[in-house]
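Below you'll find the structure, written out as structure tokens, and then a few comments.
Taken together, the values in this text are just the output of simple stated rules run on the coordinates, not laboratory data. If you're wondering where the values come from, they're calculated on a predicted model, not measured in any experiment. FYI the Cβ positions are ideal-geometry reconstructions off the backbone, even for glycines, and counts take in every protein chain you see.
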Amino acid sequence: MAGSSPSRSALTPPKIQAGLSGLKGWTYESDRLERTLKFGSFREAMTFLVAMSYQAESLDHHPEINNVYGTVRIRLTTHDAGNKVSAMDLELARRINAVAWV
């Protein structure tokens, strides 16, 4: 998205569902996007988290992350949208999928 950032305004559930089409592994529940990834080891999970951190930082949009050994759970909402899902969350989900190999 050259020169512009995705909107930080809350999306309607139909727009969120439409945005999720093609986003492998992501679900929409309780006003957030969520994905769990299972890696073969702690080191693999940490390698992914470092790659993901560059994507999040480039958007100035930071996910809630939980990591236990090789399992990483990511939750996305936008604070500026009242902790609802925005286009920014869908864009970060796309970027996270681009660096995920599981």
- Task: Working only within the stretch 21-77, note down all residues that are over 27 Å from Ala10 (Cα atoms), assigned to a helix (DSSP H, G or I) and not polar (S, T, N, Q).
- Result: Phe42, Arg43, Glu44, Ala45, Met46, Phe48, Val50
- Message: Considering only residues that are closer than 19 Å to Glu29 by Cα and under 8 Å from the mean Cα position of the chain (by Cα), which ones fall in the stretch 59-95?
- Response: Pro63, Ile74, Arg75, Leu76, Asp89, Leu90, Glu91, Leu92, Ala93, Arg94
- Can you name the residue in the stretch 1-20 that is out of contact with any strand residue (DSSP E or B) (no Cβ under 8 Å at 6 or more places or on another chain) and in a loop (DSSP other than H, G, I, E, B) and, of all such residues, is farthest from Ala98 (Cα to Cα)? Thr12
- Is it fair to say Ala56 is over 11 Å from the mean Cα position of the chain (by Cα) and surrounded by 14 or more Cβ atoms within 10 Å (Cβ to Cβ)? no
